[in-house]
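A short write-up of the structure that comes next.
Since every read-out is calculated from the coordinates, none of them should be taken as a lab result. All of these numbers come straight from a predicted model, not from anything done at the bench. Cβ placement follows ideal geometry from the backbone for every residue including glycine, while neighbour counts extend to all protein chains displayed.
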Amino acid sequence: MAVIHRTTLQPTKLELLTAWLPSRPWYHGGAGGPRLARAGGFRLDDPKGEVGIEFMVVTDSSGAGPAACLVPLTYRGAPLDGAEHALVGTMEHGVLGRRWVYDACHDPVAVAELAALIEGRAQAQAQGVSDTPDREVVRAYADRAPVPADFTAVEDTEEHTALSAPDGTVLRVLRTPIARSGRLAASRAGGVGPCRRRVGAARRHPRAGPPVRPAHGPRGVARFSRAPRNRGPRHSAAPRCRRPVRGPRATPGPVHGPSSSPGRSR
């Protein structure tokens with residue numbers, strides 16, 4: 001279980017994201033730059049207790065109206081080799097010292113734990129409370145085959161980040177609550193994203209089936225879907241959250257840390 005420290009960060013997470021988000025193709029904020037506020041999220045634990053993993057939802061009020069973005073982040077005590085392109089920035093932690101912050105879609109530890117969450121082998125953790133599972137985050141997975149943990153290719157688009165596995169499975173991390181095309185998941189693809197009504201959905205359907213429209217409310221977006229190799233019948237299940245995902249807004253905010261040793265945090 002992770003330890004949450006109430007301490008200082010310099011710069012803060014929102015300050016790092018304010019500088020980083022405009023460089024992302026899926027960010028569609030106003031011309032004046034992001035105006036961000038924390039809107040909720042949850043954490044996952046690294047079994048080795050070394051990497052902090054946070055799925056943060058922020059709202060941006062720089063455009064015509066507030067818009068939500070899902071920003072998965074990892075926090076490390078040293079640089080991640082080969083991930084310079086995914087570095088959000090560095091910050092000074094009041095307890096742990098320098099922390100390297102990465103886009104979690106490019107961090108193999110975070111991707112493996114996301115796969116474990118989809119399968120039910122990992123439990124979502126409260127965003128701002130130590131050693132506390134977040135029971136409001138609910139998942140379901142209808143397929144018997146394991147979710148790949150080895151996604152070897154990552155690509156950002158205007159709506160999502162696609163993680164591709166060698167077997168053809170695609171996990172889409174849906175960054176914004178409503179995709180512009182209206183087609184968030186097709187055959188052999190799936191995803192998770194910001195939500196107010198749902199945390200995710202698992203859907204399995206034939207390879208040649210039609211595009212799947214999101215089964216969510218007007219602001220809910222989250223989906224994992226996977227097609228079998230043959231043209232078997234469709235199976236589906238939809239994990240959901242029972243309430244809007246919200247997080248504390250204390251100042252300074254909660255700082256996330258790894259699970260196994262006191263005095264360390266994300």
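I need the shape label for segment 84-124. Rule: rounded when a/c is under 1.5, else prolate if a/b > b/c, else oblate, with a, b, c from the alpha carbon gyration tensor. Since a/c reaches 1.5 but b/c is at least a/b, the shape of segment 84-124 is classed as oblate.
In segment 1-98, the C-alpha radius of gyration followed by the widest Cα-Cα span (Dmax) gives 14.2, 43 angstrom. Its Cα gyration tensor gives segment 95-176 an equivalent ellipsoid; the semi-axes, largest first and in whole Å, are 23, 19, 12. Apply the a/c threshold of 1.5 to the C-alpha gyration tensor of segment 41-162 and tell me whether it is rounded, prolate or oblate. Because its axes are fairly even, with a/c under 1.5, segment 41-162 counts as rounded. Phi angles across segment 73-87 convert, under the Karplus curve 6.51 cos²θ - 1.76 cosθ + 1.60 with θ = phi - 60°, into 3J(HN,Hα) values of 10, 10, 10, 10, x, 8, x, 8, 4, x, 10, 4, 5, 9, 6 Hz, Gly and Pro given as x.
Under 1.5 on a/c is rounded, so check that first for segment 53-99, then, if it is not, pick prolate when a/b is larger than b/c and oblate when it is not; a ≥ b ≥ c are the square roots of the alpha carbon gyration tensor eigenvalues. Prolate. Calculated FRET efficiency, GLU50 to GLU158, Cβ-Cβ distance, R0 = 41 Å: about 0.80 to the nearest 0.05. Give, as ranges by residue number, the residues of segment 46-77 whose backbone N falls under 14 Å from the point 7 Å along Cα→Cβ of ALA31. From segment 46-77, the list is 63-64.
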